[in-house]
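S.K.: Sending over a structure as structure tokens; questions will come in a sec.
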Amino acid sequence: MSKVALLLVGSPKAKRSTSEVLGGYVLDELQKNGFKTEKENVHRLLKADNGSEKLIKLVNTCDILIFSSPLYIDSIPAPVVRAMEIIAESKREQNQSNKQLMLAITNCGFPEASHNHLALDIYKHFAKEAGFEWVGGLALGGGGTIGGQPLTKFGRMTKNIIKSLDLTTFALLNGNMIPEEAIKLMEKPMVPNWLYILVGHHGWRTAAKKYGVHQKLNNQPYK
């Protein structure tokens with residue numbers, strides 16, 4: 001029987017999230033290599049009738065579990081934390097002995113990928129407590145640059161991300177840990193930090209003008 005890979009997307013966006021793009025790339029590559037694949041948005045799943053039961057069933061029948069989520073402050077979105085609690089509680093009630101690999105991908109809006117490291121430590125701790133074999137985590141800074149668009153759309157700008165995900169997929173196919181090269185490639189900035197911040201400021205001012213509050217950007221009401 002074909003092995004199964006499950007992607008749990010932690011973004012609250014219904015579609016076109018950076019988290020789904022990153023995790024979806026790995027899922028597609030695994031499918032090309034004979035895996036059966038499943039994908040669920042954690043936020044929608046937990047709101048659905050019998051969502052917890054479906055989550056447990058999907059997790060119990062997968063060989064590879066992939067979490068792909070955005071960074072909230074320095075941690076994981078609350079619905080993803082809740083999903084991990086449900087999974088961990090279910091695992092404690094089972095005597096499941098099959099080997100299950102777990103990968104985590106997290107992205108943040110800050111240009112520095114290092115902001116994601118604490119979230120990856122949380123995922124690693126969960127994997128240990130729930131009985132998964134932790135194969136590693138990937139951290140991406142400046143995730144807003146992708147904005148839910150296909151990675152191939154950006155040409156050379158995302159070449160390191162694609163190479164990182166290709167190396168990660170190869171490791172998963174062979175049941176190995178993610179190589180250090182993949183981790184370092186993912187953490188390389190897509191554009192220089194100064195340029196990312198410059199564009200971010202422009203986008204912030206444009207949004208403020210759109211909503212008629214551009215003259216209030218420097219207000220300090222609680223000073």
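S.K.: Which distance in nm do the two modelled labels at Lys13 and Tyr72 give, with both placed 7 Å along the Cα-to-Cβ direction?
M.R.: Reported label-point gap for Lys13 and Tyr72 is 1.7 nm.
S.K.: At 222 nm, what helix-only mean residue ellipticity would the chain give, in deg cm²/dmol to the nearest 500, using -39500 (n - 2.57) for each DSSP H run of four or more? Display every interim value, and only then the final one.
M.R.: On the way: 8 runs with 101 residues, N = 223.
Counting only the DSSP helices, I get -14000 deg cm²/dmol.
S.K.: For the stretch 215-223, take each phi angle, set θ = phi - 60°, evaluate the Karplus expression 6.51 cos²θ - 1.76 cosθ + 1.60, and give the result in whole Hz per residue in order, putting x for glycine and proline.
M.R.: So the Karplus estimates, Gly and Pro as x, are 7, 9, 4, 9, 5, 10, x, 9, 6 Hz.
S.K.: Going by amide H atoms built from the backbone, whose H comes under 5 Å of the H on Glu133, apart from near neighbours?
M.R.: So Glu133 has HN proximity to Gln100, Leu101, Met102.
S.K.: Among the aspartates and glutamates, which fall within straight-line cross-link reach of Lys13, defined as a Cα-Cα distance under 16 Å, with same-chain neighbours fewer than 8 residues apart omitted?
M.R.: Within reach: Glu40.
S.K.: Counting only GluC sites (Glu not before Pro) that are in a DSSP loop and have at most 15 other C-beta atoms within 10 Å, tell me the longest site-free stretch of the chain. Intermediate values should be presented prior to the final figure.
M.R.: Details: sites that count: Glu93, Glu112.
The longest uninterrupted stretch comes out as 113-223.
S.K.: Quick one: net charge of Phe35's neighbours, Cβ under 11 Å, K/R +1, D/E -1? Show your work: numbers first, answer last.
M.R.: Working: positive: Lys3, Lys32, Lys36; negative: Asp28, Glu29, Glu38, Asp63.
Result for the local shell: -1.
S.K.: Same structure again: Given points 7 Å out from each Cα along the Cα-Cβ axis, report the Glu133 to Lys57 separation in nanometres with one decimal.
M.R.: 2.7
S.K.: Continuing with the same structure: Each residue of the stretch 43-48 in turn: what ³J(HN,Hα) in whole Hz from Karplus with 6.51, -1.76, 1.60 and θ = phi - 60°, glycine and Pro shown as x?
M.R.: The phi angles translate into 4, 5, 4, 6, 7, 7 Hz.
S.K.: Now a separate question. With 18 Å as the limit, write out which pairs from Lys15/Lys159; Lys3/Lys36; Lys159/Lys184; Lys3/Lys99; Lys163/Lys188; Lys15/Lys47 have Cα-Cα distances beyond it, or answer none. Don't skip to the answer; put the middle values down first.
M.R.: On the way: Lys15/Lys159 23 Å; Lys3/Lys36 6 Å; Lys159/Lys184 13 Å; Lys3/Lys99 11 Å; Lys163/Lys188 12 Å; Lys15/Lys47 16 Å.
From the list (Lys15/Lys159; Lys3/Lys36; Lys159/Lys184; Lys3/Lys99; Lys163/Lys188; Lys15/Lys47), the Cα-Cα distance tops 18 Å for Lys15/Lys159.
S.K.: Quick one: Karplus J couplings for the stretch 80-93, per residue in order, coefficients 6.51, -1.76, 1.60, θ = phi - 60°, nearest Hz, x for Gly and Pro?
M.R.: 6, 4, 4, 4, 5, 5, 4, 5, 4, 5, 5, 5, 5, 8
S.K.: Please compute the net charge surrounding Thr152, taking Lys and Arg as +1 and Asp and Glu as -1 over other residues with Cβ under 14 Å from its Cβ.
M.R.: For residues surrounding Thr152, the net value is +1.
S.K.: Pop a pseudo-label 7 angstrom from the Cα along the beta-carbon direction at both Leu217 and Leu195 and give the gap in nm to one decimal.
M.R.: 2.1
S.K.: Subtract the Cα-Cα distance of Ala48 and Ala207 from 0.36 nm times their separation in residues, and report this length gain in nm to one decimal.
M.R.: Numbers: separation 159, 0.36 × 159 = 57.24 nm, distance 3.32 nm.
Taking Ala48 through Ala207 to full extension adds about 53.9 nm, to one decimal.
S.K.: Something else now. Rounded to the nearest 5, what % of the DSSP beta bridges within the chain are antiparallel ones? List each step's numbers first, then the result.
M.R.: Numbers: 1 of 26 bridges.
Approximately 5 percent, going by the DSSP bridge assignments.
S.K.: For Cα pairs less than 8 Å apart in space and 6+ apart in sequence, what is the mean separation divided by the residue count of the chain, i.e. the relative contact order in percent? Provide the component values of the computation, followed by the final result.
M.R.: On the way: 368 pairs, mean separation 43.9, N = 223.
Reported as a whole number, the value is 20 percent.
Read-outs throughout are calculated quantities, based only on the coordinates presented, and are distinct from any laboratory measurement. Keep in mind that this is a model prediction, so the values were computed, not measured. As a convention, Cβ positions derive from the backbone with ideal geometry for all residues, glycine included, and neighbour counts pool all protein chains shown.
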